[in-house]
Amino acid sequence: MEILPVFKHALLISFFVFVMMLIVDFVDTASKRRISDLMRGGLWRQYFLSAFLGSTPGCLGAFMNVSLYVHGMISFGAIVGGMIATSGDEAFVMLSQFPLTAMALFILLFFSGIIFAWISDKLIILLKFTPCESCYEALCEQCEPDTSAITSIKDGLRVKRIVQNFQSLSFTRVFLLALILFFLIMVATGILGPSDWNWKRITFIVLSFLSLMVSSVVSEHYLHDHIWHHIIKKHLFRVFLWSFGALLILDWGLSSWNMEVFIQHNLVWVMVIGALLGLIPESGPHLIFVMMYAKGLIPFSILLTTSFIQDGHGMLPMLSYSLKDSLMIKAFNLVFGLGVGGTLLALGL
């Protein structure tokens, strides 16, 4: 087993996750207040919009759903549906590994989130479960829209804004721009990613240029708080370690023992294990199932089950507000996910 190809593969995945999170966070910051306003309406509007936020790649949509829930703006069913639609940081990895299947999965999770949101609101009435009302409080200021970042977005395409940033370059901005340029050169020369000029290579290059533009126009506050402290320090290194570890384990398993035969003869247990791992409020454990699907070791039904139940870091802020509500949300997702995934597995999908 060669480690260098595995390392380069994990590095490419991490880079893709980084630039996608950067762009998604940038757009999310500008639209956050408008989306929150849209939530005020009937239950079906809440189901639709919470599932939409959840289906956006990364954990930002899930965090927003939690924020809306603790403010009493969406129902219990809506937060359940939003978490069903959420795939966490693994969504970016899936887009880099099997984009067409990933998009189909996100669409399926989106509609599943809407349907099961409605079912969940009906079930909690029958179960006489009362969602936590004491946790409906304002979030800290860091969770509110960053007005300085929004101002940067409005001025983003103006040369004046870029000139101002470059006249007083901070170490963080220099390091970030150098990092993106390094990966851009590595991808453009074929050292990382596809060796031929195809749509994947072009996509990586386009995303790199977009991330360079974002890094050039944003304010220092946004650069340090959103990009450096949140995306890089909290997510990027962890995504790389989990990606590298998952690829390493799979490559070792495939080269050392007949892992494929073992999985094919124990698909039900693999699904159950994936479902239980999905209960962990962490982006990472699910990656091994993403890589297993990418290598053709597991069917779509198991990938759907793990994606259905896991929600990346989305549940972490919810745990701080109400343990009871968090456990009930995960219980609903576990039952629904095993039901849907088990049905598809029985159908041979």
> Residues of region 201-226 being touching a residue at least 60 places away in the same chain (Cβ under 8 Å) and not polar (S, T, N, Q), which ones?
Replying inline: F204, L207, L210, V214, V217, V218, H221, Y222, D225, H226
> Which number in (1) more than 30 Å from L323 (Cβ to Cβ); (2) modelled with pLDDT of 70 or more; (3) exposed (fewer than 15 other Cβ atoms within 10 Å of the Cβ) marks the one condition that I263 misses?
Replying inline: (3)
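Inside region 173-199, can you point out the residues that are charged (D, E, K, R) and either surrounded by 12 or more Cβ atoms within 10 Å (Cβ to Cβ) or within 25 Å of the chain's Cα centre (by Cα) (or both)? Working first, answer last.
Here is the first cut: in region 173-199, the ones charged (D, E, K, R) are 173, 196.
Within region 173-199, just R173 meets the criteria.
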>> Within region 36-55, take every residue that is modelled with pLDDT of 70 or more, over 18 Å from N333 (Cβ atoms) and not small (G, A, S) and give me the one that is surrounded by the most Cβ atoms within 10 Å (Cβ to Cβ).
In response: L49
>> Here is a check on your reading of the model: is V239 in a helix (DSSP H, G or I) and either at pLDDT below 60 or in contact with a Pro (Cβ under 9 Å, 6 or more places away or on another chain) (or both)?
In response: no
>> I'm checking my understanding of the structure. Among residues of region 202-232 that are more than 22 Å from the chain's Cα centre (by Cα) and part of a helix (DSSP H, G or I), which one is surrounded by the most Cβ atoms within 10 Å (Cβ to Cβ)?
In response: V217
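Can you pull out the residues in region 1-35 that are under 17 Å from M64 (Cα atoms) and at pLDDT 65 or above? Explain how you work it out, then say what you get.
If we filter region 1-35 for residues that are under 17 Å from M64 (Cα atoms), which is where we start, we get 21-35.
Residues satisfying the conditions are M21, L22, I23, V24, D25, F26, V27, T29.
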>> Looking at I273, I302, I288, can you tell me which residue is out of contact with any Phe, Trp or Tyr (no Cβ under 6 Å at 6 or more places or on another chain), among the β-branched types (V, I, T) and modelled with pLDDT of 85 or more?
In response: I302
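The values are calculated or read from the model by the stated rules, or taken from the named source; none is laboratory data. None of these values were measured; they are calculated from a predicted model. Glycine gets a Cβ as well: all are built from the backbone with ideal geometry, and neighbour counts include every protein chain shown.
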